[in-house]
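**Q** Okay, handing you the structure first.
The values are calculated or read from the model by the stated rules, or taken from the named source; none is laboratory data. Model, not experiment: these values are computed from the prediction. Neighbour counts are summed over all protein chains in view; Cβ atoms, including those assigned to glycine, are modelled from backbone coordinates with ideal geometry.
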């Protein structure tokens, strides 16, 4: 969960989430015998990362790992993460193509480690050209959208060319369509903007689209789990939801049984707690027979 540097006038500056866990201990490495592919890591150019962290300081939580892209890659590699999906998104016209090329270059330099996704700002001039370049010459493995930052519901008609293009290309769309974390600093009422029903309409209109909703759809957990049971083209990632930082309780029946369409993710480096907090909690709750799928196998199958 990140946000750009330019803020709407009149935004509140009070943090909007609890700050539990800021001092939790971190592990040195992924436990022996566990393969981890993090499906939700952010890479931005240095200036954008710096602006994002200023936004977090003002509106969210203190970011524990203020690492730029090459440092993020080195940090996760040193701790035994096998691969990760690199996510970013644009908050204003003209940025998408630049960000996509930036991540494509990083992925080319770290082919064994970085799985790059692209972005597009739906409705911006040339959006379809940006999408074609991302999925064509740049070889990016999906598209990331963020309803809060880009100020659109999941079923906004401006997104339709993105959904259609990704469906035709057979690559996923990762869309932060859940209502949390909500903040007036986005300049929109995210709880009014986002709803699980919108995502169902997308799944119905694009039955071959691979759609990934981060954060288990926080805070409409039950609604998203119901969709997961009814639509084979939906995946959820665990990012920050299993860690116990978002409002609401994750349903107790999340495991077992849904392992084939759940992805491990963290939101690294923009975390207020230890990099492996989510991993340790998942190892406690995911049945042993389902761990390989959730922690690595599903992401590799989906994004490769």
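**Q** Restricting the range 70-98 to residues that are under 17 Å from residue 124 (Cβ atoms) and touching a strand residue (DSSP E or B) at 6+ places or on another chain (Cβ under 6 Å), which is surrounded by the fewest Cβ atoms within 10 Å (Cβ to Cβ)? Show your work before the answer.
**A** Within the range 70-98, the subset under 17 Å from residue 124 (Cβ atoms) is 88-98.
Keeping just the survivors that are touching a strand residue (DSSP E or B) at 6+ places or on another chain (Cβ under 6 Å) gives 88-90, 96.
Working: 88: 24, 89: 26, 90: 26, 96: 27.
Among them, the one singled out is 88.
**Q** Moving on to the next point. When you look at residue 155, is it free of Cβ contacts under 8 Å to residues at least 12 places away in the same chain and under 25 Å from residue 261 (Cα atoms), yes or no? Break it down into steps so the answer makes sense when it comes.
**A** Numbers: free of Cβ contacts under 8 Å to residues at least 12 places away in the same chain: no; under 25 Å from residue 261 (Cα atoms): yes.
No: the conditions fail for residue 155.
**Q** State the number of residues belonging to the range 276-304 that are surrounded by fewer than 20 Cβ atoms within 10 Å (Cβ to Cβ) and assigned to a loop (DSSP other than H, G, I, E, B).
**A** Number satisfying all stated conditions: 2.
Residue by residue, here is whether (1) under 15 Å from residue 110 (Cα atoms); (2) within 17 Å of the chain's Cα centre (by Cα) holds:
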| position | (1), (2) |
| --- | --- |
| 47 | no, no |
| 76 | yes, yes |
| 86 | yes, yes |
| 89 | no, yes |
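**Q** Return the residue satisfying two criteria in turn: it lies in the range 242-268 and is assigned to a loop (DSSP other than H, G, I, E, B) and touching a strand residue (DSSP E or B) at 6+ places or on another chain (Cβ under 7 Å), and of such residues it is surrounded by the fewest Cβ atoms within 10 Å (Cβ to Cβ).
**A** The first filter runs over the range 242-268 and keeps only residues assigned to a loop (DSSP other than H, G, I, E, B), leaving 242-258, 264-267.
Filter once more, keeping what is touching a strand residue (DSSP E or B) at 6+ places or on another chain (Cβ under 7 Å): 264-267.
On the way: 264: 24, 265: 28, 266: 28, 267: 22.
Per the stated criteria, the residue is 267.
**Q** For residue 92, only one of the following conditions fails: (1) out of contact with any helix residue (DSSP H, G or I) (no Cβ under 9 Å at 6 or more places or on another chain); (2) in a helix (DSSP H, G or I); (3) modelled with pLDDT under 95. What is its number?
**A** Every condition holds for residue 92 apart from (2).
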